[in-house]
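Input: a single structure, listed below in C-alpha coordinates.
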Amino acid sequence: MVGIGVTAAFGGLKEAPEKPPPTVSPGDMIDQGQFHTQFIKAIDTTEKGDFGDTKRYLELVLKVTNMGDKTASVGVMPDAGKYSPFGSFAGSLLRTRPEIKTKYGPDVSVLSLGVESHQLHPGITTTVVVKYELEPAATAPPEISLDVGSFEYEELGLLNQGHDWMLVGERKDDKGPFEPEVAARITLPVRKESS
(Lines give C-alpha, C1' and ligand atoms only; values in the text may rest on other atoms or scores of the structure.)
Protein backbone atom coordinates (compact mmCIF):
# COMPACT_ATOMS: atom_id res chain seq x y z
CA MET A 1 0.00 0.00 0.00
CA VAL A 2 2.82 2.39 0.75
CA GLY A 3 4.12 1.97 -2.83
CA ILE A 4 0.75 3.01 -4.30
CA GLY A 5 0.62 6.12 -2.10
CA VAL A 6 4.16 7.12 -3.06
CA THR A 7 3.43 6.61 -6.77
CA ALA A 8 0.27 8.72 -6.53
CA ALA A 9 2.05 11.46 -4.58
CA PHE A 10 4.71 11.83 -7.28
CA GLY A 11 2.30 12.02 -10.22
CA GLY A 12 1.99 8.36 -11.19
CA LEU A 13 4.06 6.35 -13.60
CA LYS A 14 5.56 8.26 -16.49
CA GLU A 15 7.54 7.03 -19.44
CA ALA A 16 11.16 8.05 -19.47
CA PRO A 17 11.93 10.66 -22.15
CA GLU A 18 13.27 9.15 -25.37
CA LYS A 19 17.03 9.05 -25.55
CA PRO A 20 18.26 11.25 -28.42
CA PRO A 21 19.93 9.42 -31.31
CA PRO A 22 23.72 9.37 -31.50
CA THR A 23 25.18 12.43 -33.20
CA VAL A 24 27.93 12.11 -35.78
CA SER A 25 30.28 14.66 -37.29
CA PRO A 26 30.69 15.52 -40.98
CA GLY A 27 32.88 12.89 -42.62
CA ASP A 28 32.20 10.22 -39.96
CA MET A 29 31.08 6.85 -41.32
CA ILE A 30 27.49 5.90 -40.45
CA ASP A 31 26.76 2.17 -40.57
CA GLN A 32 23.21 1.95 -41.93
CA GLY A 33 23.30 -1.83 -42.37
CA GLN A 34 22.74 -1.98 -46.14
CA PHE A 35 24.83 1.17 -46.67
CA HIS A 36 27.88 2.84 -45.16
CA THR A 37 27.46 6.59 -45.52
CA GLN A 38 29.59 9.68 -44.99
CA PHE A 39 27.98 13.11 -45.06
CA ILE A 40 30.72 15.25 -46.61
CA LYS A 41 29.29 18.77 -46.98
CA ALA A 42 26.28 21.02 -47.53
CA ILE A 43 26.64 23.84 -50.06
CA ASP A 44 24.60 26.81 -51.25
CA THR A 45 25.37 27.02 -54.97
CA THR A 46 24.13 28.58 -58.21
CA GLU A 47 24.11 27.06 -61.69
CA LYS A 48 23.43 28.45 -65.14
CA GLY A 49 20.09 27.20 -66.49
CA ASP A 50 19.41 26.03 -70.04
CA PHE A 51 17.92 29.39 -71.05
CA GLY A 52 20.53 31.75 -69.61
CA ASP A 53 18.77 31.93 -66.26
CA THR A 54 20.43 31.16 -62.93
CA LYS A 55 19.19 28.48 -60.56
CA ARG A 56 20.10 28.22 -56.91
CA TYR A 57 20.43 24.98 -54.94
CA LEU A 58 21.17 23.64 -51.49
CA GLU A 59 23.18 20.45 -52.10
CA LEU A 60 24.12 17.73 -49.65
CA VAL A 61 27.13 15.71 -50.79
CA LEU A 62 27.47 12.14 -49.46
CA LYS A 63 29.76 9.16 -50.06
CA VAL A 64 27.71 5.93 -50.03
CA THR A 65 28.84 2.30 -50.21
CA ASN A 66 26.22 -0.36 -50.92
CA MET A 67 27.08 -3.22 -48.53
CA GLY A 68 24.42 -5.53 -49.98
CA ASP A 69 24.97 -8.11 -52.70
CA LYS A 70 22.74 -6.56 -55.37
CA THR A 71 22.29 -3.15 -56.99
CA ALA A 72 20.05 -0.79 -55.00
CA SER A 73 18.05 2.22 -56.13
CA VAL A 74 18.98 5.60 -54.74
CA GLY A 75 15.21 6.36 -54.62
CA VAL A 76 13.47 9.45 -53.28
CA MET A 77 13.31 11.08 -49.88
CA PRO A 78 10.03 10.46 -48.04
CA ASP A 79 7.43 13.15 -47.43
CA ALA A 80 7.37 14.10 -43.75
CA GLY A 81 5.45 11.47 -41.79
CA LYS A 82 4.96 9.14 -44.80
CA TYR A 83 7.55 6.45 -44.29
CA SER A 84 7.75 2.91 -45.63
CA PRO A 85 9.82 0.00 -44.30
CA PHE A 86 10.41 -1.05 -47.93
CA GLY A 87 12.73 1.65 -49.02
CA SER A 88 15.63 2.78 -51.04
CA PHE A 89 18.71 4.58 -49.80
CA ALA A 90 17.04 8.04 -49.89
CA GLY A 91 14.14 6.61 -47.86
CA SER A 92 16.55 6.47 -44.91
CA LEU A 93 17.09 10.24 -45.00
CA LEU A 94 14.15 10.76 -42.67
CA ARG A 95 13.94 14.51 -42.09
CA THR A 96 15.90 17.73 -42.19
CA ARG A 97 15.96 20.59 -39.72
CA PRO A 98 15.10 23.15 -40.86
CA GLU A 99 12.72 21.51 -43.32
CA ILE A 100 13.66 22.63 -46.85
CA LYS A 101 10.44 23.17 -48.77
CA THR A 102 10.49 22.71 -52.53
CA LYS A 103 7.68 22.16 -55.01
CA TYR A 104 8.65 18.58 -55.92
CA GLY A 105 11.08 17.64 -53.16
CA PRO A 106 14.82 17.18 -53.58
CA ASP A 107 16.46 15.41 -56.50
CA VAL A 108 18.65 12.53 -55.27
CA SER A 109 21.18 11.07 -57.70
CA VAL A 110 24.48 9.27 -57.98
CA LEU A 111 27.21 11.36 -59.61
CA SER A 112 30.08 9.45 -61.21
CA LEU A 113 32.55 11.00 -63.66
CA GLY A 114 30.05 13.75 -64.51
CA VAL A 115 27.26 11.26 -65.28
CA GLU A 116 24.08 11.07 -63.17
CA SER A 117 22.42 7.75 -62.35
CA HIS A 118 20.08 6.35 -59.71
CA GLN A 119 21.82 3.08 -58.90
CA LEU A 120 24.14 2.05 -56.09
CA HIS A 121 26.19 -0.97 -57.13
CA PRO A 122 27.41 -3.47 -54.49
CA GLY A 123 30.77 -2.78 -52.90
CA ILE A 124 31.39 0.49 -54.76
CA THR A 125 31.66 3.84 -52.97
CA THR A 126 29.85 6.52 -54.95
CA THR A 127 29.02 10.19 -54.56
CA VAL A 128 25.33 10.85 -53.91
CA VAL A 129 23.98 14.39 -54.21
CA VAL A 130 20.72 15.50 -52.58
CA LYS A 131 19.74 18.70 -54.40
CA TYR A 132 17.05 21.14 -53.21
CA GLU A 133 16.13 23.95 -55.62
CA LEU A 134 15.89 27.24 -53.73
CA GLU A 135 14.14 30.46 -54.68
CA PRO A 136 16.76 32.91 -56.00
CA ALA A 137 16.11 35.35 -53.13
CA ALA A 138 15.82 32.67 -50.40
CA THR A 139 18.25 32.65 -47.52
CA ALA A 140 19.98 29.32 -47.05
CA PRO A 141 20.19 28.14 -43.43
CA PRO A 142 23.62 28.45 -41.75
CA GLU A 143 23.47 24.70 -41.01
CA ILE A 144 21.25 21.70 -41.73
CA SER A 145 20.60 18.67 -39.52
CA LEU A 146 19.47 15.29 -40.81
CA ASP A 147 17.91 12.33 -39.04
CA VAL A 148 19.14 9.12 -40.66
CA GLY A 149 17.59 5.65 -40.43
CA SER A 150 19.19 2.24 -40.88
CA PHE A 151 18.32 -1.05 -42.55
CA GLU A 152 18.34 -4.66 -41.38
CA TYR A 153 18.22 -7.84 -43.42
CA GLU A 154 14.87 -9.47 -42.66
CA GLU A 155 12.79 -12.42 -43.74
CA LEU A 156 9.95 -11.15 -45.95
CA GLY A 157 7.31 -13.61 -44.74
CA LEU A 158 6.03 -17.13 -45.16
CA LEU A 159 4.73 -16.65 -48.71
CA ASN A 160 7.76 -14.87 -50.14
CA GLN A 161 10.37 -17.29 -48.76
CA GLY A 162 13.10 -14.70 -49.06
CA HIS A 163 15.01 -11.92 -47.34
CA ASP A 164 15.49 -8.24 -48.10
CA TRP A 165 16.73 -5.04 -46.50
CA MET A 166 14.05 -3.22 -44.47
CA LEU A 167 14.13 0.17 -42.75
CA VAL A 168 14.29 -0.30 -38.95
CA GLY A 169 11.17 0.92 -37.17
CA GLU A 170 7.71 -0.13 -36.09
CA ARG A 171 4.01 0.55 -36.43
CA LYS A 172 2.17 1.91 -33.39
CA ASP A 173 -0.48 -0.74 -34.06
CA ASP A 174 -1.00 -3.23 -36.90
CA LYS A 175 -2.55 -0.66 -39.23
CA GLY A 176 -0.95 2.56 -38.01
CA PRO A 177 1.72 4.56 -39.82
CA PHE A 178 5.26 3.17 -39.93
CA GLU A 179 7.64 5.07 -37.63
CA PRO A 180 11.32 4.61 -38.56
CA GLU A 181 13.96 4.54 -35.85
CA VAL A 182 16.53 7.35 -36.02
CA ALA A 183 19.95 5.67 -36.07
CA ALA A 184 22.01 8.88 -36.17
CA ARG A 185 21.72 12.65 -36.40
CA ILE A 186 24.23 14.79 -38.26
CA THR A 187 24.57 18.56 -38.60
CA LEU A 188 26.41 20.09 -41.55
CA PRO A 189 27.43 23.73 -41.86
CA VAL A 190 26.17 25.24 -45.13
CA ARG A 191 28.96 26.80 -47.23
CA LYS A 192 28.52 29.15 -50.16
CA GLU A 193 30.11 27.74 -53.34
CA SER A 194 30.06 28.82 -56.95
CA SER A 195 29.77 26.19 -59.64
Just from its helices, what would the mean residue ellipticity at 222 nm be for the chain, if runs of 4 or more DSSP H residues each count -39500 (n - 2.57) and the sum is divided by every residue, rounded to the nearest 500 deg cm²/dmol? -1000 deg cm²/dmol
In region 46-119, the chymotrypsin sites (Phe, Trp or Tyr not before Pro) that fall in loop regions by DSSP, at most 12 other Cβ within 10 Å: PHE51, PHE86, TYR104
Using only the alpha-carbon atoms of region 31-132 as identical scatterers, what base-10 log of I(q)/I(0) does the Debye formula give at q = 0.10, 0.15, 0.23 Å⁻¹? -0.29, -0.64, -1.36
With all distinct Cα pairs included, what does the Kirkwood hydrodynamic radius of region 76-125 come out to in Å, to one decimal, could you say? 12.6 Å
Which whole-number percentage describes the relative contact order of region 58-119, with Cα contacts under 8 Å and a sequence gap of 6 or more? 32 percent
Under the rule of at least 5 residues apart or a separate chain, name every residue whose amide H is placed under 5 Å from the amide H of GLY68. GLY123
Of all DSSP beta bridges with both partners in the chain, the antiparallel percent, nearest 5, is 85 percent
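Taking loop as defined by DSSP and a crowding limit of 14 other beta carbons within 10 Å, which GluC sites (Glu not before Pro) in region 62-141 fit?
Qualifying residues, ordered by number: GLU99.
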Give, to the nearest whole percent, the P(r) tail of region 48-195 beyond 19 angstrom, counting all Cα pairs. 59 percent
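Ignoring ligands, DNA and RNA, what percent of the accessible area of the chain is carbon or sulfur (1.4 Å)?
Details: 6590 of 12260 Å².
The value for the chain is 54 percent carbon and sulfur by accessible area.
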Near the amide H of GLN34, under 5 Å away, which other amide H atoms are found, from residues 5 or more places off or on another chain, if H is placed in the peptide plane? PHE151
Per residue of region 72-89, what does 6.51 cos²θ - 1.76 cosθ + 1.60 with θ = phi - 60° give for ³J(HN,Hα)? Whole Hz please, x for Gly and Pro, Karplus curve as stated. 10, 7, 5, x, 10, 6, x, 5, 3, x, 10, 9, 10, x, 8, x, 9, 3
Checked against a 31 Å limit on the C-alpha separation, the offending pairs among LYS19/LYS82; LYS48/LYS82; LYS19/LYS103; LYS48/LYS70 are LYS48/LYS82; LYS19/LYS103; LYS48/LYS70
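The values are calculated or read from the model by the stated rules, or taken from the named source; none is laboratory data. Here the structure is a predicted model, which is why all the values come from computation and not from measurement. Neighbour counts run over all protein chains shown; Cβ positions are idealised from the backbone, glycine included. These area figures cover heavy atoms from the full protein model, side chains too; ligands, DNA and RNA do not enter into them. Shrake-Rupley method; radii C 1.70, N 1.55, O 1.52, S 1.80 Å.
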